[in-house]
Amino acid sequence: MLTLVIGGARSGKSRYAEGLLRDRTDVTYVATGYPGDADDAAWAERVRVHQERRPVSWGSIETLDVARMASEPGGPLLVDCLTLWLTRIMDGHDCWSDEGWARNQAGFRLEVADFVDTLAHAGRDVVLVTNEVGQGVIPADPGTRRFVDEMGALNAAVAAVANDVVWCVAGRTVRL
């Protein structure tokens, strides 16, 4: 079972995703963002709140290797979130500048396509959290516009292979 939980910032998507697996003790929480540190107190606080909210029986790992984990048998994965995963994949491929994009987009697109294909054939239940980033102002800089476009494409590709897609808005959920 592959479930995609999508919504804007502070829409309740992480809490909803956690609630889907609340009764399971064999969950692995996969954090894809950069670790919280003292240089960014607000980010460190977000990380802390997410950690404290999880059941103590859940395992936790910080990794970008979501595809490998999804392909292995085991208990459910809760991946929070695809937006941070894509950010870091773009970082790794140097895709924010036009020059980097021109040099590296083929490798970036291959990695994203392989990721979606692996999710489509996951060997375990996976709940993915992601942001809907394309409903606001069009970003002024090319790198951020590229990110918004690629995030929309990734969300659509994952939704196409998901068994269930849930949209969170204003703390409410709508099954799509």
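The values are calculated or read from the model by the stated rules, or taken from the named source; none is laboratory data. Everything quoted here is computed from the prediction, not taken from an experiment. Because the Cβ atoms are built from the backbone with ideal geometry, glycine has one as well, and the counts that use them run over all protein chains shown. Side chains are part of the model used for accessible areas, which takes the heavy atoms of the whole protein and leaves out ligands, DNA and RNA. Shrake-Rupley method; radii C 1.70, N 1.55, O 1.52, S 1.80 Å.
Accessible surface computed residue by residue for the chain, with neighbouring protein chains in place and a 1.4 Å probe, gives 51 Å² per residue. Can you run phi through the Karplus equation (6.51, -1.76, 1.60; θ = phi - 60°) for region 49-56 and list ³J(HN,Hα) in whole Hz, with x for Gly and Pro? Karplus values, whole Hz, x for Gly and Pro: 4, 4, 5, 5, 7, 6, x, 5.
If each DSSP helix of 4+ residues adds -39,500 (n - 2.57) and the sum is divided by the residues in the chain, what number results at 222 nm, nearest 500 deg cm²/dmol?
Values: 6 runs with 81 residues, N = 176.
Calculated at 222 nm, the ellipticity per residue is -14500 deg cm²/dmol.
Here the accessible area of the chain is 53 percent carbon and sulfur, with a 1.4 angstrom probe and all protein chains present. Beta bridges per DSSP, both residues in the chain: antiparallel share near 15 percent.
A simple packing score, the average count of other Cβ atoms within 10 Å per residue, orders the peptides 106-115, 137-146 as 106-115, 137-146, with the highest score first.
Residues whose amide H falls under 5 Å from that of residue 79, counting only those 5 or more places apart or on a different chain, are 30, 127, 128, 129, with hydrogens built in the peptide plane.
Each 10 Å bin from zero up to the one holding the largest Cα-Cα distance in the chain carries the following percent of pairs: 9, 38, 39, 13, 1.
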